[in-house]
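Colleague: Quick one: structure below, then a few questions.
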Amino acid sequence: MTTKYEIRDTKYETVPSREATARQIVGFSFYRLDPAWRRLPASIKRKQGGELEGVITRSSKQLMVLTYSLVGLKPDVDFLIWRVGTTVEHVQAMSAAVRQTAMAGYLSMPYAYLSMTKRSTYVDKLDPDHADKRRFIAPFHSKYLFIYPFVKTPEWYQLPLDRRQAMMDEHIVLGNTYPSVKIHTTYSFGLDDQEFVLAFETDSPQDFLDLVMAMRESKARPYTLRDTPIFTCVAKPFREILKDIGG
């Protein structure tokens, strides 16, 4: 089975085994740039930025790679690299390649989240015909991406499934009232500290704000233990991000 992705200006193809395509590994890496980098000569910044851009381009042959600017939107983060692949090793190999660049000496990673796709326990009951699609990230290439880790309270998992389903049905109905907001739910149980990583794509930040406000009144809200930090990300090719960060 061949899986194809189209990523803004880059196309790539991978041919994973049938077992490998059962789920995808998803990595969200948030980078912060040392201000000292901006004081380097322009020629060095161009060279180092081009080297890192080359890593992103080459990695796009094995992974889905999307880049986002957070300049001025979060004090301790400058840009995001969102990666989706078939194995942990592919995601890790790209991280290793980034660390081998000269620019890596000026980068830190304040936040990083690892997760995996799978069928939803709740949504699939309402939409069984699309169950398999949820095992694969299909980006909408929206202008904005909102991301946060998510943890439920222990009490949530002790509730009968039918009660949880009823509360999630309410969530689904609320979400459908904002069709401009598309959600990617990925799972981190046993892989990382959080239980889920939620990523919302939209071209309308105001719709996402209104959706989150509406969700605060839902019956499932008391069972949320943690849903921060929240990241507002603006989709941009890495070459434009370099300009944002002073390259």
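The values are calculated or read from the model by the stated rules, or taken from the named source; none is laboratory data. Bear in mind the structure is a predicted one, so any value in this text is a computation, not a measurement. With ideal geometry, Cβ positions are generated from the backbone for all residues, glycine too; neighbour counts draw on all protein chains shown.
Colleague: When you look at ARG58, is it modelled with pLDDT of 90 or more, surrounded by fewer than 16 Cβ atoms within 10 Å (Cβ to Cβ), more than 16 Å from the chain's Cα centre (by Cα) and of a type in the set (D, E, K, R), yes or no? Break it down into steps so the answer makes sense when it comes.
Modeller: On the way: modelled with pLDDT of 90 or more: yes; surrounded by fewer than 16 Cβ atoms within 10 Å (Cβ to Cβ): yes; more than 16 Å from the chain's Cα centre (by Cα): yes; of a type in the set (D, E, K, R): yes.
Spelling it out, ARG58 is indeed modelled with pLDDT of 90 or more, surrounded by fewer than 16 Cβ atoms within 10 Å (Cβ to Cβ), more than 16 Å from the chain's Cα centre (by Cα) and of a type in the set (D, E, K, R).
Colleague: What are the residues in the range 66-96 that are assigned to a loop (DSSP other than H, G, I, E, B), touching a residue at least 60 places away in the same chain (Cβ under 8 Å) and surrounded by fewer than 19 Cβ atoms within 10 Å (Cβ to Cβ), if any?
Modeller: Result: VAL71, LEU73, LYS74, THR87.
Colleague: Of everything in the range 187-206, what is in a helix (DSSP H, G or I) and without any contact (Cβ under 8 Å) to a residue 24 or more places away in the chain? Give them in sequence order. Let's see the steps before the verdict.
Modeller: Of all residues in the range 187-206, those in a helix (DSSP H, G or I) come to 205-206.
Selection gives GLN206 alone.
Colleague: Taking the range 199-212, which residues are closer than 29 Å to LEU114 by Cβ and out of contact with any strand residue (DSSP E or B) (no Cβ under 9 Å at 6 or more places or on another chain)?
Modeller: Scanning the range 199-212 gives ASP207, LEU209.
Colleague: Against the definition (within 20 Å of the chain's Cα centre (by Cα), surrounded by 17 or more Cβ atoms within 10 Å (Cβ to Cβ) and either modelled with pLDDT of 95 or more or part of a loop (DSSP other than H, G, I, E, B) (or both)), how does LEU209 come out, yes or no?
Modeller: no
Colleague: Considering only residues that are surrounded by 13 or more Cβ atoms within 10 Å (Cβ to Cβ) and hydrophobic (A, V, I, L, M, F, W, C), look in the range 124-139 and name the one that is modelled with the highest pLDDT.
Modeller: ILE137
Colleague: Among the residues of the range 177-186, how many are crowded, with 19+ Cβ neighbours inside 10 Å and part of a strand (DSSP E or B)?
Modeller: Total satisfying the criteria: 2.
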